[in-house]
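> Below is a structure I'd like to ask you about.
The values are calculated or read from the model by the stated rules, or taken from the named source; none is laboratory data. Because the structure is a prediction, the values reported are computed rather than measured. So basically every Cβ, Gly included, is an ideal-geometry build from the backbone, and we count neighbours across all protein chains shown. The area values use the complete protein model at the heavy-atom level, side chains included, leaving out ligands, DNA and RNA. Shrake-Rupley method; radii C 1.70, N 1.55, O 1.52, S 1.80 Å.
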Amino acid sequence: MRRITYCLSITLLLSIIIPAPSNAQITGNVDPPQYGKHFSNVPDTRDVTMYQVNTRAFSKDGNFKGVIVRLDSIKALGVNVIYLMPIFPVGSLKAVNSPYATKDYNAVGTEFGTLDDLRKLVDGAHERKMAVIIDWVANHTSWDNPWIANKSWYEQDTSGNIKSPHGWRDVAQLNFKNTDMRLAMIKAMKSWVLKANIDGFRCDYADGPPVDFWTQAFDTLRNIHSHKLLLMAEGSRSENFDAGFDYNFGFRFYGTLKRIYINGKSVKSIDTVNTKDYANAKDGQGMIRYVTNHDVNSSDGTPLDLFGGIKGSMAAFIVIAYMKSVPMIYNGQEVGNPDRLTFPFTSVKINWTLNPDVTAEYKKVIAFRNISAAIRRGALISYSSDDVCVFTKQAGTETILVLSNLRDKPVIYPLPAELRNTKWKNIFTGGKITLANEITVEPYQYLVLKK
């Protein structure tokens, strides 16, 4: 055995250790049977409120069962779409324990549970009228993914070494010029819609794979006619909308919001971001926006760190939830979690007993979004100043006016002519208010008014 081993080439040795994908995996001729009944309550893309679950940090055991027991709490927030971070086995070769180093696109990682556990989570969400999407890492795999035996499925340098993307040395860059790899990827994506009854994908680093790959993938996925799927790009490339994504990701908005709070940038800069982000969006397509997610919470800090504590972060969230986007809540945000959930998300567990008053405020904000067609779908007119985000949303006979002071100081806001001498009702207090020529908005105060 030792003599044979010495004579083998590296490629042949890898083919023994990591078997090549089967013909069925490559050609995609055999689909798994449909599990359960397809979910008929997937929301319209404009009506989504999304909730990101970082399974490792979500509960003491860091598994699907820990998510299942809190489905009622997620639902109570007013959420209608749950987004699960990667559910797959994580690679161990050259690894940093990143959930974004996928070892097997066709299996559930044992740290999270079993396929049956995942199905129970999806079933439980569907019973509560919540859709479930899963994270899909298309750009790269772990170094011990079975696909690595097919070297042509990966990009190589001039010496024939498989590349790592962007210095991420724990993962190997896939080659999207390879037809067999693309078909295997699309086959695997389709299989999760069928075998776990999921409702779509959040596609990690979506600007990495070429646009034509996503077009090809979505042509297959959208042809699963029994399922309505939600497709989110973790990307900012405007062509993602052409490829068929429902959403791009709010990188620019988040960065702008940070500069408003930390560097004193003008609030009017939000209008510029809205124009740029929506330049190529068609009806029903939009932006997922946030004050935190797994990446920036780990690298930058919590919303409390970045956006003026509880009051300031709520003022920011009002803009996200009501102005021009689909809001995303990252687990723990709704209890004002003060602790960063740092990569690889195994050291800190969320304390769900914190700050019930913060949870109540999130519920209140989301509840109004859920009943207001103007907020979710209405025409936007911005009246922002350098310090206060001010806008109206109008749909049919419903007109909503929002003022959110993004500064930790009182601001006198001079009302534009269109808003002077108008009468409104405060949505959250029920009180009546008449706007004259100006209004003083207290530090991080927000007002939501209905005509």
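> Say we look at region 289-298 and pick out the residues that are assigned to a helix (DSSP H, G or I) and in contact (Cβ under 8 Å) with a residue 40 or more places away in the chain; which of these is surrounded by the fewest Cβ atoms within 10 Å (Cβ to Cβ)?
Within region 289-298, the subset assigned to a helix (DSSP H, G or I) is 294-298.
Checking the rest, the ones that are also in contact (Cβ under 8 Å) with a residue 40 or more places away in the chain come to 294, 296-298.
Working: His294: 22, Val296: 20, Asn297: 29, Ser298: 18.
Restricting to residues being assigned to a helix (DSSP H, G or I) and in contact (Cβ under 8 Å) with a residue 40 or more places away in the chain, the top hit is Ser298.
> For the list (1) closer than 17 Å to Phe368 by Cβ; (2) touching a helix residue (DSSP H, G or I) at 6+ places or on another chain (Cβ under 7 Å); (3) surrounded by fewer than 19 Cβ atoms within 10 Å (Cβ to Cβ); (4) not small (Gly, Ala, Ser), I need the number of the one condition that Leu380 fails.
(2)
> Follow-up. May I ask you to say which residue of Met181, Met189, Met185, Met85 is open to solvent by less than 10 Å² (accessible area, probe 1.4 Å), over 25 Å from Tyr247 (Cβ atoms) and at pLDDT 95 or above? Lay out the reasoning, then the answer.
Working: Met189 fails: over 25 Å from Tyr247 (Cβ atoms); Met185 fails: over 25 Å from Tyr247 (Cβ atoms); Met85 fails: over 25 Å from Tyr247 (Cβ atoms).
When all the criteria are applied, what remains is Met181.
> In region 220-238, what residues are farther than 15 Å from Ala138 by Cβ and surrounded by fewer than 17 Cβ atoms within 10 Å (Cβ to Cβ)?
Those that are farther than 15 Å from Ala138 by Cβ and surrounded by fewer than 17 Cβ atoms within 10 Å (Cβ to Cβ): Arg222, Asn223, Ile224, His225, Ser226, Ser238.
> For residues that are in a loop (DSSP other than H, G, I, E, B) and open to solvent by 10 Å² or more (accessible area, probe 1.4 Å), tally how many sit in region 192-218.
Taking region 192-218 first, the residues in a loop (DSSP other than H, G, I, E, B) are 196-199, 205-210.
Now narrow it down to the ones that are open to solvent by 10 Å² or more (accessible area, probe 1.4 Å): 205, 207-208, 210.
Of the residues in that region, 4 qualify.
> Now for a separate question. Of everything in region 412-451, what is surrounded by 13 or more Cβ atoms within 10 Å (Cβ to Cβ), of a type in the set (A, V, I, L, M, F, W, C) and farther than 15 Å from Tyr383 by Cα? Give them in sequence order.
Trp424, Ile427, Phe428, Ile433
> Take the residues in region 244-288 that are in contact (Cβ under 8 Å) with a residue 60 or more places away in the chain and charged (D, E, K, R); name whichever of them is surrounded by the most Cβ atoms within 10 Å (Cβ to Cβ).
Asp246
> Here is a follow-up. Can you pull out the residues in region 27-46 that are open to solvent by less than 30 Å² (accessible area, probe 1.4 Å) and more than 18 Å from Ala196 (Cβ to Cβ)? Outline the logic, then answer.
Going residue by residue through region 27-46, those that are open to solvent by less than 30 Å² (accessible area, probe 1.4 Å) are 28, 39, 42-43, 45.
Within region 27-46, Pro43, Thr45 qualify.
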